[in-house]
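For reference, the structure is listed below as structure tokens.
The values are calculated or read from the model by the stated rules, or taken from the named source; none is laboratory data. Keep in mind that this is a model prediction, so the values were computed, not measured. Reconstructed Cβ throughout: ideal geometry from the backbone, glycine too, with neighbour counts over all protein chains shown. Ligands, DNA and RNA are stripped out before the accessible areas are found, and what is left, the full protein with its side chains, is counted by its heavy atoms. Shrake-Rupley method; radii C 1.70, N 1.55, O 1.52, S 1.80 Å.
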Amino acid sequence: AQAQAGGLIVYAWALLPNHAHLLVRTGRVPLARGMRSLLTGYAGAFNRRHRRRGHLFQNRYKSIVVEEEPYLLELTRYIHLNPLRAGVVPDLGALERYPWGGHSALLGHVPRPWQALDAVLGQFAGTRREARRRYRAFVADGVSQGRQPDLIGGGLRRSAGGWETLATLRRGRERWAFDERVLGSGAFVERVLKEAAPPPGGIAVAGRSLPALIAQLAAACGVHPAEIQSGSRRRPAARARAAVAAVAVTRLGLSAARVAKALGVSAVAIFQ
């Protein structure tokens, strides 16, 4: 949800029977923490409502970094058409009233105060009435496009004209300017990968700093490092373990598998 303290800003979303799509902007709160709060909160509410226990989501979410221009509107349309493509709703008229997606909120049929309506509608016109008219037409034009694999990551694949064109780039830096975790131009992909790179000295240095990180956060949380690494579910230990995982993966650039081994838990647990 759109949080007041720098959380996620939601532009587009669609909930389907076995998965969901979200287009969000992060604030001061990292994506991993925001998604953990969102998914944990939703799973808890769902379990209470249906009197069930255990995990609700099978796997960790998949995230792709997106260059806002020119993909904001394209992704908004693609995500909001998902219920129609999946056969959850029969036509555009039903999609406009579908409560489990952001399309109905953008058209004013379902109130969603946490959805960033003006950020999307403002791309079409200065008034909501005209913006909604143009947005509705924009979405309708996208129905014939069907599924679009080029909107699920790949960086240079889009700016270069597809995998066929990309395959011909055998030399120079452009050959490396793509990544399945990033959706944007080659220059945007390069910048994102540079910002996300591990600290000087590489993964080996980051790995050597992990024991010190565990000790530091254990002291801050008032637990013994061994308790963090034993898989203990005691709240202080679990809180410290989550902090270690977040810093080790997002700041040090270590893999979830490596961090999980050091903490005595499964790789899946690193992202819960």
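For this structure, a couple of remarks:
- For the criterion of being at pLDDT 75 or above, in contact with a Gly (Cβ under 8 Å, 6 or more places away or on another chain) and among the polar types (S, T, N, Q), SER185 fails.
- Residue in the range 223-245 that is at negative phi, aliphatic (A, V, I, L, M), at pLDDT below 75 and assigned to a helix (DSSP H, G or I) present: no
- Filtering the range 35-81 to residues that are within 23 Å of ALA238 (Cα to Cα), in contact with a Leu (Cβ under 8 Å, 6 or more places away or on another chain) and modelled with pLDDT under 80 leaves PHE57, TYR61.
- Checking each residue in the range 228-247 for being surrounded by fewer than 19 Cβ atoms within 10 Å (Cβ to Cβ) and either touching a residue at least 60 places away in the same chain (Cβ under 8 Å) or charged (D, E, K, R) (or both) picks out ARG233, ARG234, ARG235, ARG239, ALA246.
- Where a residue in the range 248-271 is under 19 Å from ALA218 (Cβ atoms) and modelled with pLDDT of 80 or more and its partner, wherever it lies, is crowded, with 18+ Cβ neighbours inside 10 Å and basic (Lys, Arg), with Cβ under 6 Å and at least six apart: LEU263/ARG241
- Tabulated pairs, the range 7-36, first more than 17 Å from PHE57 (Cα to Cα) and open to solvent by 60 Å² or more (accessible area, probe 1.4 Å), second assigned to a strand (DSSP E or B) and of a type in the set (Val, Ile, Thr), C-beta under 7 angstrom, 6+ apart or interchain: ARG25/ILE9
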